[in-house]
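The values are calculated or read from the model by the stated rules, or taken from the named source; none is laboratory data. Here the structure is a predicted model, which means the values were calculated and not measured. Note: ideal-geometry Cβ built from the backbone for every residue, glycine included; neighbour counts use all protein chains shown.
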Amino acid sequence: MEFLFAPMEGITFALYRQIHHRMFPGIAEYYTPFIAPDSEGSFKPKYLKELTADRDNGFPVIPQILANNADAFNITAGKLQALGFTEFNLNAGCPSGTVFAKHKGAGMLTDLPSFDAFLDRIFSVSEQKGYRISIKTRMGVHSTQEFPAILELYNRYPLSRLIIHARDRDGQYRSEPDLPGFSEALTKCTYPVAYNGNLFSESDLDRLLSFAPETECIMLGRGIIANPALGRTLSGGEPLQCRELEQFHDALLEGYLQGGLSPAFTVERMKQLWYYMHCMFSDDKKEIKSLLKSKTLPDYRTAAKTLFLSGKFCADNCFRDITH
């Protein structure tokens, strides 16, 4: 089984990817949080800085692009190809209201003829320039029953991979993934496919494989943010240990500080991680509340240390309460 690391805005920065790969090897590909170019293909310099840091890591990083303008996508891909990247991922799945309203992300699925024209233009250029394009998609806007028509569209193009988040857009992250629908789609795809959606534990993997035993690749998102050893565990390896999580946490904290982030900004960035990682601790409300209320770096360090020493770590916790 091959595992991919999903893009998570505000969390999976280059430093995060580097530390995760070093401490929890085995992820086949890391995908970056989306780059959103304007209509002329311009985007914030911070993205170039991030991707420049990824070039010589020794592990695959795939930039994700959020665009509904083919020229903007092509220009952006060209700039990133000049940095040495040879594959790009189109975001056709983001369910965010602001993204959807701009007909980007999952919003592209609302108008399949326009989406077809967009895909025709970007794949025409990719074939000329020699880079590959994968797509991360939802299975529909209002229903996963829309997916056969969407899949028919994708099958017209030479995707390097299709990553299927097995929900419709309306389901956000709350509805149950459509595993039968994913299984049916898997048999009709002419390129590599990855599954994505609500995979937090070995029992979740077993359930997926009971519907779609041919699954060979999985993209992990919220589950691996909560439990950075999830890929290892799902591969039959050892479960995450509390000391490992603490070491991972500390490496990130020190890395952000050494990279020039202010103590206050570093604290806020680390707090974002705890929205997911707190699920690894049972009966943790008091300690987590103290951690999230901390304002200064010393207070944050004390609160984090208290939590790690609380004895409430549980690698078998289930993360289904994460609905973001």
Where the second residue is basic (Lys, Arg) and the first is part of a helix (DSSP H, G or I) and lies in segment 300-313, which pairs have Cβ atoms under 9 Å and are six or more apart or on separate chains?
Tyr300/Lys271; Ala303/Lys293; Phe308/Arg243
Is it the case, given these coordinates, that Tyr195 is in a strand (DSSP E or B) and either among the basic types (Lys, Arg) or without any contact (Cβ under 8 Å) to a residue 60 or more places away in the chain (or both)?
yes
A careful count of residues in segment 143-202 that are closer than 17 Å to Pro95 by Cβ, in contact with a Pro (Cβ under 7 Å, 6 or more places away or on another chain) and either crowded, with 21+ Cβ neighbours inside 10 Å or not assigned by TED's automatic domain parsing to the domain that holds Gly223 (or both) gives 5
In the list Ile150, Ile218, which residue meets the criterion of being in contact with a Leu (Cβ under 9 Å, 6 or more places away or on another chain), in a strand (DSSP E or B) and at pLDDT 95 or above?
Ile218
Give me the pairs: first residue in segment 112-129 and more than 18 Å from Thr76 (Cα to Cα) and in the same structural domain as Ala67 (by TED's automatic domain parsing), second residue basic (Lys, Arg) and at pLDDT 95 or above, beta-carbon distance under 9 Å, and six or more apart or on different chains, which are they?
Asp116/Arg156
In segment 75-102, anything in a loop (DSSP other than H, G, I, E, B) and surrounded by fewer than 17 Cβ atoms within 10 Å (Cβ to Cβ) is listed as Leu83, Gly84, Thr86, Ser96, Lys102
How many residues, within segment 244-269, are without any contact (Cβ under 8 Å) to a residue 24 or more places away in the chain and not hydrophobic (A, V, I, L, M, F, W, C)?
6
Go through segment 23-58 and give me each residue that's touching a residue at least 40 places away in the same chain (Cβ under 8 Å) and surrounded by fewer than 19 Cβ atoms within 10 Å (Cβ to Cβ).
Met23, Gly26, Ala28, Asn57
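One line per residue, one yes/no per condition, for (1) within 22 Å of Tyr30 (Cβ to Cβ); (2) of a type in the set (Lys, Arg):
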site	(1), (2)
Leu230	yes, no
Gln258	yes, no
Lys271	no, yes
Phe281	no, no
Identify the residue in segment 57-74 that is part of a loop (DSSP other than H, G, I, E, B) and modelled with pLDDT of 95 or more and, among all such residues, is nearest to Ala28 (Cα to Cα).
Pro63
Where a residue in segment 80-101 is in the same structural domain as Lys49 (by TED's automatic domain parsing) and its partner, wherever it lies, is among the hydroxyl-bearing types (Ser, Thr, Tyr) and surrounded by fewer than 18 Cβ atoms within 10 Å (Cβ to Cβ), with Cβ under 8 Å and at least six apart
Gln81/Tyr131; Leu83/Thr52; Phe85/Tyr131; Thr86/Tyr131; Glu87/Tyr131; Glu87/Ser160; Phe88/Tyr131; Pro95/Tyr173
Please go through segment 127-145 and pick out each residue that is in a helix (DSSP H, G or I) and under 23 Å from the mean Cα position of the chain (by Cα).
Thr144
Considering only residues that are at pLDDT below 95 and either basic (Lys, Arg) or in a helix (DSSP H, G or I) (or both), look in segment 165-187 and name the one that is farthest from Leu153 (Cα to Cα).
Arg174
Residue match in segment 286-293 (condition: in contact with a strand residue (DSSP E or B) (Cβ under 9 Å, 6 or more places away or on another chain), surrounded by 14 or more Cβ atoms within 10 Å (Cβ to Cβ) and assigned to a helix (DSSP H, G or I)):
yes
Looking at Asp116, is it in a helix (DSSP H, G or I) and under 18 Å from Leu162 (Cα atoms)?
yes
